[in-house]
1. What is the residue count in the range D:78-122 for residues that are touching a Pro at 6+ places or on another chain (Cβ under 9 Å) and more than 18 Å from A:H81 (Cβ to Cβ)?
2. Kindly indicate whether any position in the range B:145-155 is touching a Phe, Trp or Tyr at 6+ places or on another chain (Cβ under 9 Å) and within 13 Å of chain C (Cβ to nearest Cβ).
3. Can you find, within the range D:30-85, the residue that is surrounded by the fewest Cβ atoms within 10 Å (Cβ to Cβ) among those that are among the β-branched types (V, I, T) and within 16 Å of the chain's Cα centre (by Cα)?
4. Out of A:V160, A:V168, A:V192, report the one residue that is of a type in the set (V, I, T) and closer than 26 Å to B:A35 by Cβ.
5. Can you work out which of the residues in the range B:126-137 that are closer than 30 Å to B:T16 by Cα and surrounded by fewer than 24 Cβ atoms within 10 Å (Cβ to Cβ) is farthest from the other protein chains (Cβ to nearest Cβ)?
6. Tally time: how many residues in the range D:80-98 are away from chain C (no Cβ under 14 Å) and out of contact with any Gly (no Cβ under 7 Å at 6 or more places or on another chain)?
7. Of all residues in the range A:38-58, which are more than 8 Å from every other protein chain (Cβ to nearest Cβ) and modelled with pLDDT under 85?
8. Could you figure out which of (1) in contact (Cβ under 8 Å) with a residue 24 or more places away in the chain; (2) touching a Ser or Thr at 6+ places or on another chain (Cβ under 7 Å); (3) surrounded by fewer than 20 Cβ atoms within 10 Å (Cβ to Cβ) isn't true of B:N98?
Number of protein chains: 4
Amino acid sequence: MPSNTALKSAAEEKDTGRLEAFSDGVFAVAITLLALDLQVPKLGNNASARDLALALARQWPSYIAFITSFFTVLIMWVNHHGFFKLVHRTSARLLFANGFLLMMTTAVPFSTALVTQYLRFPAAMSACAVYGATFVLISLGFSSLLHIVVKDPATRKPDVTEETLECVRKSWRLGPPLYILATVGAFLSPYVTIGICTGLWVYWAGTSRDF
Amino acid sequence: MPSNTALKSAAEEKDTGRLEAFSDGVFAVAITLLALDLQVPKLGNNASARDLALALARQWPSYIAFITSFFTVLIMWVNHHGFFKLVHRTSARLLFANGFLLMMTTAVPFSTALVTQYLRFPAAMSACAVYGATFVLISLGFSSLLHIVVKDPATRKPDVTEETLECVRKSWRLGPPLYILATVGAFLSPYVTIGICTGLWVYWAGTSRDF
Amino acid sequence: MPSNTALKSAAEEKDTGRLEAFSDGVFAVAITLLALDLQVPKLGNNASARDLALALARQWPSYIAFITSFFTVLIMWVNHHGFFKLVHRTSARLLFANGFLLMMTTAVPFSTALVTQYLRFPAAMSACAVYGATFVLISLGFSSLLHIVVKDPATRKPDVTEETLECVRKSWRLGPPLYILATVGAFLSPYVTIGICTGLWVYWAGTSRDF
Amino acid sequence: MPSNTALKSAAEEKDTGRLEAFSDGVFAVAITLLALDLQVPKLGNNASARDLALALARQWPSYIAFITSFFTVLIMWVNHHGFFKLVHRTSARLLFANGFLLMMTTAVPFSTALVTQYLRFPAAMSACAVYGATFVLISLGFSSLLHIVVKDPATRKPDVTEETLECVRKSWRLGPPLYILATVGAFLSPYVTIGICTGLWVYWAGTSRDF
């Protein structure tokens, strides 16, 4: 029955659409929750304007962590979005890999809060290692997504060339090793972690239009 | 007036679409709020990196609860999504049953927080029983949705066969009895609850492509 | 230029669509945030399972307030949704009235938390009066939306009849007086407020398919 | 290959759509999180209804800040939405500028909470200066978006005239100088800041239908 096939194909198309919409929702909520790490300084009612200004200035680690995380999640969303343009239909595997990716994304406000809380203190090493590790897992999630689509031609759109896949792979393969470096580097200095994470989103922002 | 009928039918179609979009929004926000249960350990400013690492390790119940809840809600979303592909138009009943389902879904971060807080302590039994009971109610919500669509052919799409409905019923009927078991089993050990809940989402993840 | 007109009309159509999508997003986030009022009882680590069960049972006001607010916001979403099916294009006025409605909707978790916190205590009167007043303002927001569309035929779709508008008006006109009663009735008993609010969403749930 | 071009063009069109949907999600979550600044007064269980009413009345700064921020973010969403109607396809630059705009938008609940907390106290100057500065950065974000689209004709739709761009520029150019005034004016009185911010959203609400 051709009409049935057409219906099924349309339904499958819609499937990807709703998965993308759901993923977008999770990305949008997670990125907005990052701002909950910006906390109002608790000063007494008699605090002067200068006291508040100083207290806000002392919170600089939270601004750094907020900005780094915001743009990293934003770029992850861009990459996710670019990737799903190649996907024709979902499978249980793809759903699972995407779920893992989303789960780790919702954990970014948590690891960002860790960095915010401890960046100026001796525990910064552990906080930044957890922060880096979160992105190691996220970049492995992206690698899994790509791997599934590379291995199973039925999951990708017919017009997706080997060249396009190679281009995505090339852009993404920097993720896991560099985030591992960012995690290990936390034990040298927390700024190694933040530097590498910032470098990566700047790099992806510059190359994101390529696919 | 045929044009009026067409308009009405298009409006009805859009109805389901907007109900799905709203439900997706609620699922996406609820699943992201689960991460609020991951809390930054409150240590003094002088805590060492090792102290923070240990404090994070001691929080293992929150990671287990977070992962279990995340994938359970994700699979619920997949099932919800698969189900609404069969629905032609909404009714007051369907709206109410779906509302009940969404309400219980927004309560999952609460029952997850209960488990997170008490898993290592004597009160774990009650916490896990509430956790299990939340999913009993959610699975009954799913059963109601299916029941409404089975009883009222006007609510389902014309091409939905008895076979498809039977297939959904077969997949979902495990929910209520096993979640009841997970609730009662909490009084033996909290790990019975978590084990059954994990087993169920793994099972549904494996069979979710079937309809 | 006819093509320009067509373009403009399509753009206007999309306008309503994006306003609806934005409103849906606000409704979905607000309804999910209601669950933040469900709080994990803070007991010591040695609390028994029975202690936790009792502490959860003592929180019954939060369950009542949560359920009442959830279904009221859900029905408000349904009414909002049904209403925008009649709207052809937005105006500055409609945007403002809708904005006021959304603002009050985002305040529902706050007034719900007030009821949750004080329902068992002497301050319940004030808490319930604020709760009722929130819905008085929301129902006035709905009345304004309807008033704008009734007064300005250019804002509504060409096929919307006087009969349809009358039907919406009839369904909604119960809102302001009954919510005012619920507000004033708080000073008799908080259960008057909760009873009227519950009665109203049940009534609207039963009649929501009518337009 | 013409089919390839058509495909590419459709994909690009969808690009803008998904960027808009993601931005809408962030706006919707951020605007709803504003309500978290409305806090339940922490009174003892024996507090009378009058005590609670007085405590709620004393929170007037949070209502002012909430209303001002809500409508300002709403109008920003309207402007964002109107602007993207002119955009044909995204670029790395546009993505970055939009990301900056969204980041500052998610920070609005934080700067609103600052005002809420300190409006009645000596530190109000600093709180309101930060509040104003948030909107200075947001209005500069809008100016960047416009600048990118003005400079690069490839990013805008073919039917966008110079006149339309001029009209947007004229409407938006009040933003940066007046928000700078609102920031500096905080040192005269916090009400200068709130007055200018209110004046601006009222002005934009009145002129928003123009493009």
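1. Of the residues in that region, 7 qualify.
2. No, every residue in the range B:145-155 fails to be touching a Phe, Trp or Tyr at 6+ places or on another chain (Cβ under 9 Å) and within 13 Å of chain C (Cβ to nearest Cβ).
3. D:I67
4. Going through A:V160, A:V168, A:V192 in turn, just one is of a type in the set (V, I, T) and closer than 26 Å to B:A35 by Cβ: A:V192.
5. That would be B:V136.
6. Result for the range D:80-98: 8.
7. A:G44
8. Among (1) in contact (Cβ under 8 Å) with a residue 24 or more places away in the chain; (2) touching a Ser or Thr at 6+ places or on another chain (Cβ under 7 Å); (3) surrounded by fewer than 20 Cβ atoms within 10 Å (Cβ to Cβ), the lone unmet condition for B:N98 is (3).
The values are calculated or read from the model by the stated rules, or taken from the named source; none is laboratory data. What you see is a predicted model; the values in this text were computed from it and never measured. Note: ideal-geometry Cβ built from the backbone for every residue, glycine included; neighbour counts use all protein chains shown.
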